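Presented below is the structure to which this report refers.
The values are calculated or read from the model by the stated rules, or taken from the named source; none is laboratory data. No experiment lies behind these values; they were computed from the predicted model shown. Note: ideal-geometry Cβ built from the backbone for every residue, glycine included; neighbour counts use all protein chains shown. Quick note on the areas: whole protein, heavy atoms, side chains included, nothing else; ligands and nucleic acids left out. Shrake-Rupley method; radii C 1.70, N 1.55, O 1.52, S 1.80 Å.
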Amino acid sequence: MKNTILVLDIKRVLIVAGFIIAFIILLPLALIGTSKEAKEKSIQLPPQENTSLEKEESALDILNGDIKVYISKEDRIETISFEEYIKGVVSSEMLVSFEMEALKAQAIAARNFSLNKIKYKCTQAKGADLCDTVHCQVYKSKETKIKEWGKNGEDNYKKISQAVDNTKGEFMYYDKKLVTAAQFFATSSGKTENSKDVFGGNHPYLKSVVSLGEEEAPKYKSTKTLKLASFINTINKAYPKANLSSKNIKTALSIKSKTEGGSVNEIKIGSETIRGVDFRKLFDLNSANFTLKFDKDSVTIDCLGYGHGVGMSQWGANAMAKNGSNYKDILSHYYSGINIKKDY
Ligand SMILES: [Zn+2]
């Protein structure tokens with residue numbers, strides 16, 4: 001009898017212990033689940049300061065006062081404040097005639113993009129944090145830009161300053177971490193590209209999204225016509241196994257697959273299959289969203305969009321702003337799942 005009670009007690013203890021262990025294991029998992037959901041929903045809400053996130057990455061961990069920019073044409077290093085640098089980038093990377101909300105979105109994208117470069121130091125900046133070319137981001141000083149703009153110079157600079165000052169210290173975050181790959185480009189084909197399809201990296205916030213109003217961009221459509229012989233030559237030189245000739249060209253060349261954004265993913269050239277992005281590079285095309293048309297002696301390559309197609313489309317951002325979206329709407333649209341937080 002005593003033994004039976006003891007066995008029952010042990011059973012009860014084991015059952016209770018089991019529940020406690022299961023509770024300890026499952027509770028944090030449940031919390032992760034809800035916090036993830038809450039974060040996804042918080043995209044639509046204004047950013048909230050959350051001091052309990054001690055391990056959250058901060059821009060201030062990377063920024064350390066002034067930054068150094070390598071002015072490549074003059075082979076010298078300029079030391080300026082980070083926000084002044086952002087003004088020089090926004091004025092060089094986006095048209096000043098664009099809507100204020102698009103310029104603000106560009107300011108934040110430029111801030112995030114710069115941080116990664118500053119963290120790892122540009123390899124072409126001769127010891128400075130960043131260089132001033134497309135290798136990092138195009139940067140021009142206030143004086144240079146005002147001179148370049150001519151009679152509207154001062155007003156234009158004021159407009160850029162307003163976009164940067166009104167978003168001062170704001171950065172994009174994804175999963176409590178600073179967004180480091182804040183890619184942007186000029187014009188999409190109507191849809192942006194998944195990062196993995198273009199750069200290989202799988203950033204969760206760089207997903208293919210619809211991008212409306214791109215038709216307004218001057219480089220939305222472009223055409224390149226090449227002599228057939230030169231076209232064949234260029235391919236055979238870069239890919240000797242392709243073995244293209246004027247006789248087999250029409251059957252030897254075919255688009256094998258497309259990306260979610262609509263660009264050429266893989267193209268078959270003779271016995272080789274190459275990536276659409278490599279084909280773009282080979283012929284210096286505006287985008288990898290192309291079609292080929294063969295005539296007797298020539299080939300016509302029609303392209304949609306301008307740029308790599310990943311992240312924010314600048315013309316798309318401007319179209320959104322014209323339709324009443326603010327900079328937070330724009331960034332949340334092009335960088336999936338991010339939120340914006342003021343860091344200083
Ligand atoms: Zn650089």
Evaluate the stretch 60-81: report whether one residue or more is surrounded by 15 or more Cβ atoms within 10 Å (Cβ to Cβ), farther than 15 Å from Lys140 by Cα and away from the ligand (no atom under 14 Å from the Cβ). yes
Pick from the stretch 129-148, criterion over 24 Å from the mean Cα position of the chain (by Cα) and open to solvent by 60 Å² or more (accessible area, probe 1.4 Å), ranking: nearest to the ligand (Cβ to nearest atom): Thr144
May I ask you to verify whether Lys126 is at positive phi, away from the ligand (no atom under 16 Å from the Cβ) and among the basic types (Lys, Arg)? no
Would it be correct to say that Thr180 is out of contact with any Leu (no Cβ under 9 Å at 6 or more places or on another chain) and open to solvent by 40 Å² or more (accessible area, probe 1.4 Å)? no
Is it true that Lys119 is over 27 Å from Ala319 (Cβ atoms), modelled with pLDDT under 95, open to solvent by 30 Å² or more (accessible area, probe 1.4 Å) and within 16 Å of the ligand (Cβ to nearest atom)? yes
Filtering helices (runs of 4 or more DSSP H) wholly in the stretch 53-146 for at least 2 residues that are charged (D, E, K, R) and out of contact with any Cys (no Cβ under 9 Å at 6 or more places or on another chain) gives 82-93, 100-120
